[in-house]
Amino acid sequence: MSDVSKVVSMRDAVARFVHDGDTVVIEGFTHLICFAAGHEIIRQGRRDLTLCRLTPDLIYDQMIAAGCARKLVFSWAGNPGVGSLHAFRRAVEGRGAPRLEIEEYSHFGMVARFAAGAARLPFWPLRNYMGTDLPRVNPRIRHVTCPYTGEALATVPALNPDVSIIHAQRADAQGNTQIWGLLGVQKEAAFASAHVIVVVEELVDEAVIRADPNRTVIPALIVDAVVVEPWGAHPSYAQGYYDRDNGFYVAWEARSRDRDALERYLDDFVRGVSDRAAYLEKQPDLAARLKAKERRCAGVNYGF
Amino acid sequence: MSDVSKVVSMRDAVARFVHDGDTVVIEGFTHLICFAAGHEIIRQGRRDLTLCRLTPDLIYDQMIAAGCARKLVFSWAGNPGVGSLHAFRRAVEGRGAPRLEIEEYSHFGMVARFAAGAARLPFWPLRNYMGTDLPRVNPRIRHVTCPYTGEALATVPALNPDVSIIHAQRADAQGNTQIWGLLGVQKEAAFASAHVIVVVEELVDEAVIRADPNRTVIPALIVDAVVVEPWGAHPSYAQGYYDRDNGFYVAWEARSRDRDALERYLDDFVRGVSDRAAYLEKQPDLAARLKAKERRCAGVNYGF
Amino acid sequence: MMASVAARELVDGEVVFVGIGLPNLACNLARATHAPRLVLVYESGAVGATPARLPVSIGDPALVTGSLMVCGMADVFQLILQNGRIAVGFLGGAQVDRYGNINTTVIGSYERPAVRLPGSGGAAEIAIHARRTLVVAKLSPRTFPAHVDFITSPGHGGAGASRRQLRMPGAGPVKVITDKAVLEVDEGTGELVLAALYPGVEASDVRGCVGWPLACRPRPGRVAPPDATELRLLRDVLDPERLYLKG
Amino acid sequence: MMASVAARELVDGEVVFVGIGLPNLACNLARATHAPRLVLVYESGAVGATPARLPVSIGDPALVTGSLMVCGMADVFQLILQNGRIAVGFLGGAQVDRYGNINTTVIGSYERPAVRLPGSGGAAEIAIHARRTLVVAKLSPRTFPAHVDFITSPGHGGAGASRRQLRMPGAGPVKVITDKAVLEVDEGTGELVLAALYPGVEASDVRGCVGWPLACRPRPGRVAPPDATELRLLRDVLDPERLYLKG
């Protein structure tokens, strides 16, 4: 095809598609969390963002600390297996930092919000929340009556972000994007959004995509920009490319608990570098520590 | 794992999981339609079945002609690109054969019915049917009011079959099933059903499944029986194994229009053979005509 | 001729929901001429197909091999069509009426049909969700009655509620491409009106094939016949076996 | 000890929704002993994982490599959990109350929390949909108050409506496995009662750690300590680096 390439730099993608006040999603369940995009948003000094994610993870903790967020929409805010997101906790517990507005669901509720958004329905039904206090503190969890059985089912409202940033293993220059390993809600978040930035480990020829079309999770027709950023998910991971940097997650507990240490981290590794390449130059050991071993599957026959 | 194999013959699978009066689904959109199962159901003389499929296709036309069906739930009943399903038409137009009860949706409506069934919700919302006559003739198409916007959305009721029969390229002996090419609603139909029979071109070792887990569409935990039936989808097709037998579809127009010709076909190729192997022996040219060419994709790295 | 007229309606870069037969031919003609970046979506789940042979069904394996994406039908209808990503949908029908309503369900009554047709398939939702719909049908009084026997795919409502009142996202059938002329919907009345005539066809020829008093644009256009490139592509490249082209 | 008690609760062939940490250890112990056909489902989308290393998070890449299926989270929650396919769910919590309600949301008021905890994650829906739930928590008065500050995951309703009245599909928390004893829910009252004591522990030791007058089964059992095989597996094979085992 003779299409114009959508490949741009992270700086240009964020400048163009992430604005003050926007509702922004950087998704990925443990896997494929795009730290590179979060850092660029911090560098460009975005303010008043509504950040949405099932698991805010370290990247939203950093963005909250850097003052990018007005509101957080989420379902589990912790450092998995390690401890707390302390910038988030300070902002919610009212210790010093400006208070962060929160809107809280369970994982299933957040998944359902993205599913509704992706299908462009105003709500999604789910059998959930009876007996819990969540609807008491979140009036957006409501009910609908089944027109067949008469029973009440819980509902959540659609989530339609201004922009979703989706990290993936590979895409072509048009944004046809292939993902394997944990899929999270990357597909639903992308289809729910007004704009989609895809960030990939590897830019591949369209022929690579066409050789295995069942592997494509996000089609070019919903993608606005493609950013090529190897190691762009570190300290999260990319199956087949590099492992999760668990040491970084463990160290975050002390680092984020200490406001000054957190600021120093942002100064050194986020604000103090010009881009992802500079971030990687400061950590020349990553490949030696984390590069994925080879465990390649066989292909399948698409012939007829 | 030390599990007991679920592999059984088609005869045993149908005898055990398909009963008179059951709601039965043999799905597959053009691709992977399990004619072998439909033929065995005819041979075992099942009666009063409620047959559900988006596109009844030739297999349900044969089952209707053979007197297996009491009711048809569907969204498009034709011979694609060729003409009519004449046994279906005779039964609906009241020309001689006992009348067939019908319950009719659009494709989106049938997809939504399977989605609701798979999620074990009693209904599924969709933005559809305004201005059409379908809800007038099908009172099961109803409405629900969105608890956020107040707007009316169409609903369809969940479809939860007694048994779904899913043809696929390959599975292990437990029923972990991998499909590529067109996926139709195979996943939703399987998850919606009380029982699932998987029919495969190839039985593979569990290690083949585990080498590429993102390719698995149906997990063993919902599968009751695995039937190994190479060419079991003919005259439908299996991507990477054999092409669609378009000549058979074209010939069906005249064959199904003529009641006697249709009966002769059933006598020769369905009732007159003991099993699928005998069906294939009568058509020794299939492999030469239809065997798929090689067009294998590369694998991906699952290492970490 | 109908294929080339339909092809010209497609704008480069658009996402098209393709049916088999003439719409498929029109899309491939457009891709080979003025709209190379057209994205074809089939309801079977194939996106961005570039089939190596003329597909004989909407689920042809040739639509999968070498396509950009294959997804399940739940995704096709929810994430692509209902999501509003389809610019153009193609529809055909056994009956098309004054307001662009289309019938592919029954001739006669629903309960005791004279002819049972295949039904909606994806047509109802395409007519509702595609940003615009192109209808392809040959002109005849039987095919163009004043009122269809059954509304499978909604047009412009006529005396009833408008599409906007019914909250239909798409604009519905904007053009009907026939073998003699092109009809367009009149935005004021929701009626199909005569917009352009094929070479050698007069307005009266069209009126004789339509079951209502057909209005006409102030100055109906003339449809240019397929040029040499279009004809060569259709006959030698796209449908050399004449599966869909007749004459 | 808690890991081996939890492992014994699992029946061969069951489908278990696994959390990270102790539940993961318990499942792998059960697979290595009496329940080799246990199917592990992680909320991250990995089904049938046999991780080559002890996963440090529920989204560890080791849960993907060599698993039977990886699916999106919409499928995990809709097609597997809500579909009723999960036999056993594991839950932990900062607070567990008299009726088995669990709090993982806030200590103090929701609007002005003293401690903000992570929130539900998948816990609320696991507590509602899993056919039964096993709760794992260490005994202390702070962890076992009479009433939790916030009900994240519902137990047995207490004075309010029963699980059946609220149409919850699963039986909810049937056992609470602590470091001193096993509590069970009393089907009549919905209260947690003392069911079995660890070696060397008396009922009074347990009562002192619980914020309500704890009832007791007529003849509370004694929990057998881990046998040599269990200990060897836990210490040498399943968690050699003592990531989750302490002491």
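Please treat every number below as a calculation from the coordinates, not as lab data. Since this is a predicted model, take the numbers as computed values, not measurements. All Cβ positions, even for glycine, are placed from backbone atoms using ideal geometry, and neighbour counts span all protein chains on display.
If you wrap a convex hull around the C-alpha atoms of segment D:19-111 and split its volume per residue, what is the figure in Å³? Can you show the working numbers first?
Working: hull volume 13.4 nm³, N = 93.
Hull volume normalised by residue count: 144 Å³.
Out of every Cα pair in the protein assembly as shown, what percent are spaced more than 41 Å from each other? Walk me through the numbers before you get to the answer.
On the way: 266862 of 606651 pairs.
Roughly 44 percent, rounded to a whole number.
Run lengths n ≥ 4 of DSSP H only: what is the helix-derived mean residue ellipticity at 222 nm for the protein assembly as shown, with -39500 (n - 2.57) per run over all residues, to the nearest 500? All intermediate terms of the calculation are to be shown ahead of the outcome.
Details: 34 runs with 256 residues, N = 1102.
Computed mean residue ellipticity for the protein assembly as shown: -6000 deg cm²/dmol.
Choose one of C:A181, B:H86, A:L153: the residue whose Cα lies farthest towards the positive end of the charge dipole of the protein assembly as shown (beta-carbon charges +1 Lys, Arg; -1 Asp, Glu; about the Cα centre).
Final value for the positive-end residue is A:L153.
For labels at B:L203 and A:A277 in the simple 7 Å Cα→Cβ model, what's the distance in nm?
About 5.6 nm separates the two model spin labels.
Expressed as a rounded percentage, what relative contact order does segment D:146-223 have, with Cα pairs under 8 Å and six or more residues apart? Let's see the in-between values first.
Numbers: 94 pairs, mean separation 18.7, N = 78.
Relative contact order for segment D:146-223 comes out at 24 percent.
How charged is the neighbourhood of B:V228? Take every other residue with its Cβ under 9 Å from the Cβ of B:V228, and add Lys/Arg as +1 and Asp/Glu as -1. Let's see the in-between values first.
Working: positive: none; negative: B:E201, B:E202, B:E229.
Value of the local net charge: -3.
What number in nm² do you get for segment B:172-304 if you take the convex hull of its Cα atoms and divide its surface by four?
On the way: hull surface 41.3 nm².
Quarter of the Cα hull surface area: 10.3 nm².
Considering only C-alpha atoms, what is the centroid distance from segment B:54-104 to segment C:38-97, in Å?
25
So which GluC sites (Glu not before Pro) in segment A:216-304 are both in a DSSP loop and have at most 10 other Cβ atoms within 10 Å of their Cβ? The partial results should precede the final answer.
Working: sites: A:E253, A:E263, A:E281, A:E294; in loops: A:E294.
Counting only loop positions with at most 10 other Cβ atoms within 10 Å, the GluC sites (Glu not before Pro) in segment A:216-304 are A:E294.
Distance from a point 7 Å along Cα→Cβ of B:H143 to each backbone N in segment A:143-163: keep the residues under 11 Å and list them by number.
Correct set: none at all.
Over the whole of D:125-131, what's the average partner chain Cβ count within 10 Å per residue? Rounded to a whole number, please. Intermediate results must be reported in sequence, preceding the final value.
Values: counts 10, 3, 3, 9, 4, 0, 0.
Per residue, the average neighbour count from other chains is 4.
Work out the charge dipole of chain B with +1 on the Cβ of Lys and Arg and -1 on the Cβ of Asp and Glu about the Cα centre, then indicate which of B:H31, B:V208, B:H143 is farthest towards its positive end.
Towards the positive end, the residue furthest out is B:H143.
Of all DSSP beta bridges located in the protein assembly as shown, what percent are antiparallel, nearest 5?
Details: 66 of 156 bridges.
That works out to approximately 40 percent antiparallel.
Can you sort B:W76, B:W231 so the residue with the fewest Cβ neighbours within 10 Å comes first?
Details: B:W76 25, B:W231 22.
Ascending Cβ contact count within 10 Å gives the list B:W231, B:W76.
Using 7 Å Cα-to-Cβ label points, what is the C:S162/D:D186 separation (nm, one decimal)?
In this crude spin-label approximation the distance works out to 6.8 nm.
State the answer as a single residue: which of D:T133, D:G72, D:V56 lies farthest towards the positive end of the charge dipole of segment D:2-238, with beta carbon charges of +1 for Lys and Arg and -1 for Asp and Glu, about the Cα centre.
D:T133
Using the Kirkwood formula over every pair of different C-alpha atoms, what hydrodynamic radius in Å results for segment A:78-153?
Evaluated over segment A:78-153, this radius sits at 14.9 Å.
Using only the C-alpha atoms of chain A, find the volume of their convex hull and express it per residue in Å³. Write out the running numbers ahead of the final one.
Working: hull volume 47.4 nm³, N = 304.
Given the Cα convex hull of chain A, per-residue volume reads 156 Å³.
Name the most mobile residue of C:E43, C:E14, C:E202, meaning the one with the largest mean-square fluctuation, in a Gaussian network model of chain C with Cα contacts below 10 Å.
Result for chain C, Cα springs under 10 Å: C:E202 fluctuates most.
Please state the equivalent ellipsoid semi-axes for segment B:1-123: what are the square roots of 5 times the Cα gyration tensor eigenvalues, largest first, in whole Å?
Values: eigenvalues 122, 74, 39 Å².
Ellipsoid half-lengths, sorted descending, are 25, 19, 14 Å.
List the lysines whose Cα sits under 19 Å from the Cα of C:K175, skipping any in the same chain fewer than 8 residues away.
List returned: C:K138.
Can you list the residues of segment A:36-69 with backbone N under 18 Å from a point 7 Å past the Cα of A:R259, pointing along Cα to Cβ?
Counting backbone N atoms under 18 Å from the label point, the list is A:61-69.
Please rank A:C146, D:C71, A:C52, fewest neighbouring Cβ atoms within 10 Å first, as an exposure proxy.
Working: A:C146 18, D:C71 22, A:C52 27.
In increasing order of surrounding Cβ atoms, one gets A:C146, D:C71, A:C52.
Short version: what are the Cα gyration tensor semi-axes of segment C:2-238, square root of 5 times each eigenvalue, largest first, in whole Å?
Working: eigenvalues 148, 103, 54 Å².
The three semi-axes for segment C:2-238 are 27, 23, 16 Å.
Provide the net charge surrounding C:G66, with neighbours chosen by a C-beta distance below 11 Å and charges set as Lys +1, Arg +1, Asp -1, Glu -1.
Numbers: positive: A:R210, B:R295; negative: A:E206, A:D212.
Here the charged neighbours net out to 0.
What whole number of Å gives the distance from the Cα centroid of segment A:234-304 to the Cα centroid of segment C:151-198?
Segment C:151-198 and segment A:234-304 have Cα centres separated by 55 Å.
Inside 10 Å of the C-beta atoms of A:114-121, what's the mean count of C-beta atoms belonging to other chains? Display every interim value, and only then the final one.
Working: counts 2, 7, 3, 1, 7, 11, 10, 10.
Other-chain Cβ atoms within 10 Å of each residue's Cβ, averaged: 6.
For the peptides A:31-40, D:15-24, what is the packing order when you average, over each peptide's residues, the other Cβ atoms within 10 Å and list the highest mean first? Display every interim value, and only then the final one.
On the way: A:31-40: 26.9, D:15-24: 23.7.
The densest-packed peptide leads the list: A:31-40, D:15-24.
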